[in-house]
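Participant: Sharing a structure with you now.
All of the numbers you see were taken from the coordinates with simple rules; none came from a lab. Model, not experiment: these values are computed from the prediction. Here the Cβ positions follow ideal geometry from the backbone for every residue, glycine too, while neighbour counts run over all protein chains shown.
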There are 2 protein chains.
Amino acid sequence: MEYVISEKVKTLKPSAIREIFKYAADPSVVSLSAGNPAPEAFPVKEIEKISADILATEPVAALQYSVTEGYPLLRKKVWDYMQSKYSVGSDDDDILITSGAQQVMDLFTKTVCNEGDTVICEAPSFIGSLNSFRSYNCRLCGIPVESDGMNIEALENALKNEKNVRFIYIIANFQNPSGITTSFEKRKAIYELAKKYSVMILEDNPYGELRISGEDVPCIKSLDTDGIVMYAGSFSKVLSPGMRIGFAIGPKTVLQKMIVCKQGEDVHTNSWAQMVAYRFMNEYDYEAHLRKLREIYRKKADFCMELLDTYLVPNGITYEKIQGGLFIWCSLPENSRISMGEFCKQAVLNKVCVVPGNAFLTNEEEQSRAFRINFSTPTDEQLEKGIKILGRLASELI
Amino acid sequence: MEYVISEKVKTLKPSAIREIFKYAADPSVVSLSAGNPAPEAFPVKEIEKISADILATEPVAALQYSVTEGYPLLRKKVWDYMQSKYSVGSDDDDILITSGAQQVMDLFTKTVCNEGDTVICEAPSFIGSLNSFRSYNCRLCGIPVESDGMNIEALENALKNEKNVRFIYIIANFQNPSGITTSFEKRKAIYELAKKYSVMILEDNPYGELRISGEDVPCIKSLDTDGIVMYAGSFSKVLSPGMRIGFAIGPKTVLQKMIVCKQGEDVHTNSWAQMVAYRFMNEYDYEAHLRKLREIYRKKADFCMELLDTYLVPNGITYEKIQGGLFIWCSLPENSRISMGEFCKQAVLNKVCVVPGNAFLTNEEEQSRAFRINFSTPTDEQLEKGIKILGRLASELI
């Protein structure tokens, strides 16, 4: 049989990171390529206790069909939390619990984009989201990221010149992969431009709670007096990614359609996970938990940056200091003898996996001098071993 | 802001059943409109024990990111089970664990259909799947269902005359909503026609394990020597729908693309649920569990059919006897004074909810004389009370 594959799906490729995972599965390889939260950050004992209690006292609620919008107690809890802590959510907004924040990208794109419509995103940006946009045959237009966020002039040019722009996709805090945080000035500028050109903003904030230094910058959604921002939140980095719980807060008109799409996609999100998340937020000291997480990641990030300063920087590799998140973006010098692609390949051959920067571009064929390092998944020993190897390679090859 | 909603999503409506749920939420209303498994069918104690053990002994596996294809042990377990028990799955096939079987409909449609392509389905058919097809802007072509399955002549006419038919969607066992089981002869005929016209078959089998009388009929997928059938299986009716676990078994070429789509949709299915399902199948007597389920549903179905024979049939309402599943399809007589829509409305006003038959048609504007009754969710008392009221209405209004 000659299978017909739809135009939108035909050219989709598995994420390059996934392909790298195949090497990373070799236990002798140090993987700095993942994006997993540190396992020690999971509140295992609490989840164990809550889960046992749920299955003992209200098993039918955890095991039966539920409503597409999400577990009502969790919806209310998250809504109140986001309102009081981050001023996210207005009277014109509503909240939908999703199967991970990834599903927000999927449902939102499906709801607002026709095939061929344009999505503006940061360049580089999160490959999972880019693939989600691609899977609806959206055109991607990447805006170069500077150390305080998107280049605003390039953004306005794109808004002016690109056809059928539907939304701007942005990870404003500790962006994946660049680690960059968009400044408050740029957040306001991006909001004003979106308003001026009547396009929406999809604000993805998976790492916002993981700030390790500096002051919180208000979410773009908190500026949203015009109903143009869809906010995507996630429990993956603060509770557990395996539970697959995220949420969307945005204009009711759009969210209602996303709910209908979700009904046809997976009916509703796993009930047990939603109940566990609710009770964890409700019965435990959530702020203390977040402080503990930040402490874990602060230590890991500081240790990683120390290693980079010791082993990579003297050999010509530069990186952007981060204030949070899970990733550090390293760049080969302009005059490097070896290309970034070849450097990453040599790293794999020497048993260290990093993600080549072009994987995060809207056009993967473009050149990149950067690669992404993750410091949350490896142990300190692995991190040290891996970065030492990268340092040796840099000294020999760059 | 004037929101742009994509062409494919613009006309999507929430399922009519969902709207009826709003009435059904009133505790004084007897709901015969749901499709929930009987809560007493959940193996609560076993799930409680397995879950406690998982969270005590391998919490990180349950809480961390996992692979998109699904938990390897569950994939293998389900694969072996489907092969040995139902001859489903060949060397050219592979298996993907999904977030409920609903996601199989979504991923398969996304993968093989361009906007405007045609999907052939039974008329009536499951509204959740129809909405999933609609959400990719597919045209639906309904083939009338007879007591042994689709009208084969109408099917061939459609295959001959409809443009860009991509697949035939069929629930061959105890179809939702009609309760009908497609005969082996018709299964073979449908397979041969699909082959002749080079279209695929999407075989959805959520109720296959819930046979209460008669002999199992081989799955269409078990006939699939040509790699043209995508099989959708579900744990919702045999373990728990709130866990949201289903699976797809089908040709690798198509399944690989579905996996890439799933990556962009929800990354992977809830890990805890996949581990619980695996261990339940592996550590408990699964066949004994299924026998227990069938006993529960046999009792409920027999009781329901007795009530229908006593209260509805004498008042002119006919129904199709079922051999399994959760639904019974009732029809008003041709010469009824009251329309089916009006009858369902009167039922609601008298505190009984059923689902009007036109909700399951490819064109909801079409007339239908039928309505769907579910017997798995209500208690025996509720069932008796509800059907007595329907009987009284029938005697007064038909």
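Participant: Please compute the average number of Cβ atoms from other chains found within 10 Å of each residue's Cβ in peptide B:341-354.
Facilitator: 0
Participant: If R₀ is 41 angstrom, what is the calculated FRET efficiency for the pair B:E2 and A:E215, using the beta carbon separation as r and rounding to 0.05?
Facilitator: Efficiency at R0 = 41 Å is approximately 0.70.
Participant: Here's another thing I want to ask about it. What residue of chain A sits with its beta carbon nearest the rotation axis taking A to B, and at what distance in whole Å?
Facilitator: Minimum Cβ distance to the axis, with residue: A:N270, 2.
Participant: Looking only at chain A, where both bridge partners belong to it, what percent of the DSSP beta bridges are antiparallel (to the nearest 5)?
Facilitator: The antiparallel proportion sits near 50 percent.
Participant: Let me ask another. Looking at the range A:20-179, what % of its DSSP beta bridges pair antiparallel, to the nearest 5?
Facilitator: Working: 2 of 12 bridges.
Within the range A:20-179, antiparallel bridges account for around 15 percent of the total.
Participant: Right, something else. Hey, could you pull the Cα Rg and Dmax for the range B:44-283, both in Å?
Facilitator: Rg, Dmax (Cα atoms, Å): 17.8, 59.
Participant: Modelled label-to-label distance, A:S28 and B:V348, 7 Å Cα→beta-carbon offset: nm?
Facilitator: Inter-label distance under the simple model: 6.8 nm.
Participant: Given axes a ≥ b ≥ c from the Cα gyration tensor, I'd like to know whether the range B:148-292 is rounded (a/c under 1.5), prolate (a/b larger than b/c) or oblate.
Facilitator: oblate
Participant: Still on this model: Helix check for chain A. Which DSSP H runs span at least 15 Å along their own axis by Cα, with a mean Kyte-Doolittle hydropathy no less than 0.0? All intermediate terms of the calculation are to be shown ahead of the outcome.
Facilitator: Numbers: long enough: A:44-57 (20 Å, 0.38); A:72-86 (20 Å, -1.03); A:102-112 (16 Å, 0.10); A:184-196 (18 Å, -1.05); A:252-265 (19 Å, -0.16); A:271-283 (18 Å, -0.28); A:286-307 (32 Å, -0.83); A:380-397 (25 Å, -0.30).
What comes out of the filter, once short or polar helices are dropped, is A:44-57, A:102-112.
Participant: Further, regarding this structure: Got the A:N282 label distances to the other copies yet, label 7 Å along Cα→Cβ, in nm, shortest first?
Facilitator: 3.3
Participant: Further question on the same structure: If you take each beta carbon of peptide A:248-261 and count the beta carbons of other chains within 10 angstrom, what is the mean?
Facilitator: Mean number of neighbouring Cβ atoms from other chains: 3.
Participant: Here's something else I'd like to know. With r as the distance between the Cβ atoms of A:A288 and A:A61 and R0 = 41 Å, compute the FRET efficiency 1/(1 + (r/R0)^6) and round to 0.05.
Facilitator: 0.90
Participant: Please report the antiparallel percentage of the DSSP beta bridges confined to the protein assembly as shown, to the nearest 5.
Facilitator: Within the protein assembly as shown, antiparallel bridges account for around 50 percent of the total.
Participant: Semi-axes, largest first, in whole Å: what does sqrt of 5 times each Cα gyration tensor eigenvalue give for the protein assembly as shown?
Facilitator: Working: eigenvalues 446, 142, 142 Å².
They are 47, 27, 27 Å, listed from largest to smallest.
Participant: Using the structure shown, select from A:K13/A:K257; A:K195/B:K8; A:K49/B:K45; A:K76/B:K13; A:K299/A:K321; A:K300/A:K388 the pairs with a Cα to Cα distance greater than 18 angstrom. Mind dumping the intermediate values first?
Facilitator: Working: A:K13/A:K257 28 Å; A:K195/B:K8 25 Å; A:K49/B:K45 16 Å; A:K76/B:K13 25 Å; A:K299/A:K321 14 Å; A:K300/A:K388 16 Å.
Table pairs above 18 Å Cα-Cα are A:K13/A:K257; A:K195/B:K8; A:K76/B:K13.
Participant: For the range A:183-251 and the range B:264-284, what is the separation of their Cα centres, given in Å?
Facilitator: That distance is 31 Å.
Participant: For the range A:208-255, what mean projected area does the convex hull of the alpha carbons give, in nm²?
Facilitator: 4.2
Participant: Report, please, the projected area of the range A:18-162 averaged over directions, based on the convex hull of its C-alpha atoms, in nm². Working shown, then result.
Facilitator: Values: hull surface 54.9 nm².
That works out to 13.7 nm².
Participant: Would you kindly work out, in nm and rounded to one decimal, the distances from the label point of B:R337 to those of the same position in each other copy, ordered shortest first, with label points 7 Å along Cα-to-Cβ?
Facilitator: Between copies, matching label points for B:R337 lie 9.8 nm apart.
Participant: Tell me which of B:V4, B:S15, B:L32 sits at the most positive position along the dipole axis of the range B:1-159, charges placed on C-beta atoms (Lys, Arg +1; Asp, Glu -1).
Facilitator: B:V4
Participant: On to the next question. What are the label-to-label distances in nm, one decimal and shortest first, from A:M305 to the same spot in the other copies, with labels 7 Å along Cα to Cβ?
Facilitator: Those separations, rounded to one decimal, come out as 7.2 nm.
Participant: Grab the DSSP H runs of chain B that are 4 residues or longer, score each as -39,500 (n - 2.57), total them, divide by all residues and round the 222 nm result to the nearest 500 deg cm²/dmol.
Facilitator: Taken over chain B, the calculation gives -13000 deg cm²/dmol.
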